[in-house]
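The values are calculated or read from the model by the stated rules, or taken from the named source; none is laboratory data. This one's a predicted model, so the numbers in the text were calculated from it and none came from an experiment. Every residue, glycine as well, gets a Cβ built from its backbone with ideal geometry; the counts of neighbours run over all protein chains shown. With ligands, DNA and RNA removed, areas are computed over all heavy atoms of the protein, side chains included. Shrake-Rupley method; radii C 1.70, N 1.55, O 1.52, S 1.80 Å.
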Amino acid sequence: MESNCVQFLGNKTILITGAPGFLAKVLVEKILRLQPNVKKIYLLLRAPDEKSAMQRLRSEVMEIDLFKVLRNNLGEDNLNALMREKIVPVPGDISIDNLGLKDTDLIQRMWSEIDIIINIAATTNFDERYDIGLGINTFGALNVLNFAKKCVKGQLLLHVSTAYISGEQPGLLLEKPFKMGETLSGDRELDINIEHDLMKQKLKELQDCSDEEISQTMKDFGMARAKLHGWPNTYVFTKAMGEMLMGKYRENLPLVIIRPTMITSTIAEPFPGWIEGLKTLDSVIVAYGKGRLKCFLADSNSVFDLIPADMVVNAMVAAATAHSGDTGIQAIYHVGSSCKNPVTFGQLHDFTARYFAKRPLIGRNGSPIIVVKGTILSTMAQFSLYMTLRYKLPLQVP
Ligand SMILES: NC(=O)c1ccc[n+]([C@@H]2O[C@H](COP(=O)([O-])OP(=O)(O)OC[C@H]3O[C@@H](n4cnc5c(N)ncnc54)[C@H](OP(=O)(O)O)[C@@H]3O)[C@@H](O)[C@H]2O)c1
């Protein structure tokens, strides 16, 4: 498969949104390492102008540790030359028509050159403001689709969604597209245009409020709309609506949707353990290492679906290779670990405790932070008893 991917990427022009985010960077590094003869990579970054886009590319992508393997293989000068030759940073914003691109010559050039469009940009805040979530994850996805449809050589749009658009359903989740207007609550129709109008109406009602009040109300509103239709939060709800719009308006453009579970650090490529920022599980692990998490309410046997970033990227490259030019196709791939290689909460607790016992974090006073293994509480009754005994809170019988 790898040789097919190498061949496929050769001489291709690719647009990637969502740089300089965590996953997009791993993808850019992989493409350059796998196929330095890629023709061009347009990287869409939020920036006011070309100069600032270039600055973000340098400081947030090119100069980071993730590229050290490429830097060692090629040498600093050759890597810089490769990046200058192949990567074109473009200032833009997917929540705006034509991706917010202002230079009409550039737009025409991109429409005539681009073969593959990869949409990774998103807001990943679970409780994002409803107007922002809709703007980026829902209508932003549609803007990327509309841009992709204008690319005359467009062979594929690959969109990164999330496995959690399936909400909290148990069992095996099928890789099937959403129907337009489908909900997880199943009892009412979802109309994305009405959601848009309601969001606008809510903003209008708030026009005399402070920024803080507007922000909090729009966050609460997003959560309320998500829960009404059966999704657990604004992030996954707005991502699900983005998938619906792409599915409905794709026409013949081949569309691949990748739905990863919780993305963690790289397992192998370009080297093990690279991560950036504290995303999902990582913030809990760091809190534990700092000694701030003494107990956790969870079922030790429940499976945590984690997936290393390089595996997600490998799945993206393989799916793009397999489906490019498949006119009219809509393919969906769940990328996770729970079926083939599940990790339980109990195991994770064990690994984390062993890790910090060997390599403790260093506290502000310069001494290692010694963490006790801590307690997993598997029921609300145990949690309530623990809080009563430890913090003298009144016992609550659930
Ligand atoms: N991380 C996970 O565990 C996980 C799991 C499942 C699925 N996913 C999906 O994977 C993708 C990447 O996630 P990530 O963890 O890499 O997220 P991330 O680090 O937050 O990166 C998201 C990127 O999107 C960019 N962006 C946001 N709004 C934009 C806009 N309007 N126009 C252009 N760019 C915009 C951000 O730009 P700025 O740098 O300017 O903010 C950022 O660079 C997302 O689609 C997410 O839904 C992530």
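With labels modelled as points extended 7 Å from the Cα through the Cβ direction, what inter-label distance (nm, one decimal) is found for Asp191 paired with Tyr355?
It is 4.8 nm.
Translational diffusion coefficient of the range 31-84 at 37 °C, 0.692 mPa s, Stokes-Einstein with Kirkwood Rh over Cα pairs, in µm²/s as a whole number. If you can, show how the numbers build up before the last one.
Details: Rh = 12.0 Å.
The estimated diffusion coefficient comes to 273 µm²/s.
Relative to the longest principal Cα axis of the chain, at what angle does helix 234-249 sit, 0 to 90 degrees, rounded to 10?
30
If you plug each phi of the range 251-261 into the Karplus form 6.51 cos²θ - 1.76 cosθ + 1.60 with θ = phi - 60°, what whole-Hz ³J(HN,Hα) values come out, in order, with x for Gly and Pro?
6, 9, 5, x, 10, 10, 10, 9, 10, x, 8
Can you give the three extents of the C-alpha atoms in the range 89-168 along their principal axes, from longest to shortest, in whole Å?
43, 24, 19
Holding the Cα-Cα limit at 23 Å, pick out from Lys40/Lys176; Lys202/Lys239; Lys149/Lys239; Lys39/Lys149; Lys30/Lys86; Lys40/Lys239 the pairs that are longer than that. Intermediate results must be reported in sequence, preceding the final value.
Numbers: Lys40/Lys176 32 Å; Lys202/Lys239 21 Å; Lys149/Lys239 20 Å; Lys39/Lys149 20 Å; Lys30/Lys86 14 Å; Lys40/Lys239 28 Å.
Where the Cα-Cα span goes over 23 Å, the pairs concerned are Lys40/Lys176; Lys40/Lys239.
Per Stokes-Einstein, at 4 °C and 1.567 mPa s, what whole-number D in µm² s⁻¹ belongs to the range 297-395, with the Kirkwood radius over Cα pairs as the hydrodynamic radius? Let's see the in-between values first.
Details: Rh = 17.7 Å.
D, rounded to a whole number, is 73 µm²/s.
If I compute solvent accessible area with a 1.4 Å probe over the protein chains, what percent of it on the range 1-100 is carbon and sulfur?
On the way: 1950 of 4450 Å².
Roughly 44 percent, rounded to a whole number.
Restricting attention to the range 300-395, which trypsin sites (Lys or Arg not before Pro) occupy a DSSP loop and are surrounded by at most 16 other Cβ atoms within 10 Å?
Numbers: sites: Lys340, Arg354, Lys358, Arg364, Lys373, Arg390, Lys392; in loops: Lys340, Arg364, Lys373, Lys392.
Passing sites in the range 300-395 are Lys340, Arg364, Lys373, Lys392.
Divide the volume of the convex hull of the Cα atoms of the range 224-321 by its number of residues and quote the answer in cubic angstrom per residue.
Values: hull volume 15.7 nm³, N = 98.
Dividing the Cα hull volume of the range 224-321 by its residues yields 160 Å³.
Which one, Leu145, Leu306, Leu228, has the greatest fluctuation when you compute a Gaussian network model over the chain with C-alpha springs under 10 angstrom?
Leu228
Give me the dipole magnitude in Debye, nearest 20, for the range 185-274 about the Cα centre, with unit charges on the beta carbon: positive for Lys and Arg, negative for Asp and Glu.
Working: 11 positive and 14 negative charges, 64 e Å.
Roughly 300 debye for the range 185-274.
Roughly how tilted is helix 22-34, in degrees to the nearest 10 and between 0 and 90, from the longest Cα axis of the chain?
For 22-34 against the chain, the angle is about 50 degrees.
For a quick check, take a GNM of the chain with Cα springs below 10 Å and name the residue from Asn98, Asn137, Asn301 with the largest mean-square fluctuation.
For the chain, modelled as a Gaussian network with Cα springs under 10 Å, the answer is Asn301.
Mind giving me the FRET efficiency for Lys290 and Leu393? R0 is 22 Å, r the Cβ-Cβ distance, nearest 0.05 is fine.
Numbers: r = 23 Å, r/R0 = 1.06.
So, using R0 = 22 Å, E works out to roughly 0.40.
Find how much the distance from Glu76 to Leu174 grows on full extension, using 0.36 nm per residue of separation minus their present alpha carbon separation; answer in nm with one decimal.
Here the segment from Glu76 to Leu174 would lengthen by 30.8 nm.
If a/c stays under 1.5 just call it rounded; otherwise compare a/b with b/c (prolate if a/b is bigger, oblate if not). Do that for the range 124-236, with a ≥ b ≥ c from the square roots of the Cα gyration tensor eigenvalues.
Numbers: a/c = 2.04, a/b = 1.27, b/c = 1.61.
Oblate, since a/c reaches 1.5 and b/c is not below a/b.
Given +1 on the Cβ of Lys and Arg, -1 on the Cβ of Asp and Glu, and no further charges, what dipole in debye does the range 92-250 carry about its Cα centre, rounded to the nearest 20?
On the way: 18 positive and 24 negative charges, 127 e Å.
Taking the Cα centre of the range 92-250 as origin, the dipole is about 600 debye.
How far is helix 380-391 tilted off the main Cα axis of the chain, in degrees rounded to 10, range 0 to 90?
Once rounded, one gets 70 degrees.
How many Å³ per residue does the convex hull of the Cα positions in the chain occupy?
On the way: hull volume 75.0 nm³, N = 398.
Taking the convex hull of the Cα positions in the chain, it is 188 Å³ per residue.
What FRET efficiency, computed as 1/(1 + (r/R0)^6) with R0 = 56 Å and r the Cβ-Cβ distance, is obtained for Leu198 and Ser367, rounded to the nearest 0.05?
Values: r = 53 Å, r/R0 = 0.95.
Between Leu198 and Ser367 the formula returns 0.55.
What number comes out for the charge environment of Val69, summing +1 per Lys or Arg and -1 per Asp or Glu over other residues with Cβ under 14 Å away? Mind showing how you got there, number by number?
Working: positive: Lys25, Lys30, Arg33, Lys68, Arg71; negative: Glu29, Asp65, Glu76, Glu269, Asp310.
Net of charged neighbours comes to 0.
222 nm [θ] for the chain, helices only, -39500 (n - 2.57) per DSSP H run of 4+, per residue, to 500?
Working: 15 runs with 169 residues, N = 398.
Rounded to the nearest 500, it is -13000 deg cm²/dmol.
Give me, ordered by chain and number, the residues 5 or more places off Leu253 or on other chains with an amide H under 5 Å from its own placed amide H.
Gly328
Around Val256, what is the net charge, scoring Lys/Arg as +1 and Asp/Glu as -1 over all other residues with Cβ under 13 Å from its Cβ?
Values: positive: Arg250, Arg259; negative: Glu175, Glu243, Asp326.
With Lys, Arg at +1 and Asp, Glu at -1, the neighbours total -1.
Longest exposed-loop-site-free stretch of the chain, with GluC sites (Glu not before Pro), DSSP loop and at most 15 other Cβ within 10 Å?
By the stated rule (loop sites, at most 15 other Cβ atoms within 10 Å), 252-398.
Taking the Cβ of Lys290 as the center, what net charge do the other residues with Cβ under 13 Å away carry, scoring Lys and Arg +1 and Asp and Glu -1?
The answer is +2.
Please tell me the relative contact order of the range 30-139 in percent, rounded to the nearest whole number, where contacts are Cα pairs under 8 Å and at least six residues apart.
Values: 79 pairs, mean separation 31.5, N = 110.
For the range 30-139, the relative contact order is 29 percent.
Compare Val284, Val144, Val312 in a GNM of the chain, Cα atoms joined below 10 Å, and give the one with the largest fluctuation.
Sorting by GNM fluctuation, first place goes to Val284.
Using the charge dipole of the range 225-328 (Lys, Arg: +1 at Cβ; Asp, Glu: -1 at Cβ; taken about the Cα centre), state which of His229, Met311, Pro270 has its Cα farthest towards the positive end.
The one lying farthest along the dipole's positive direction is His229.
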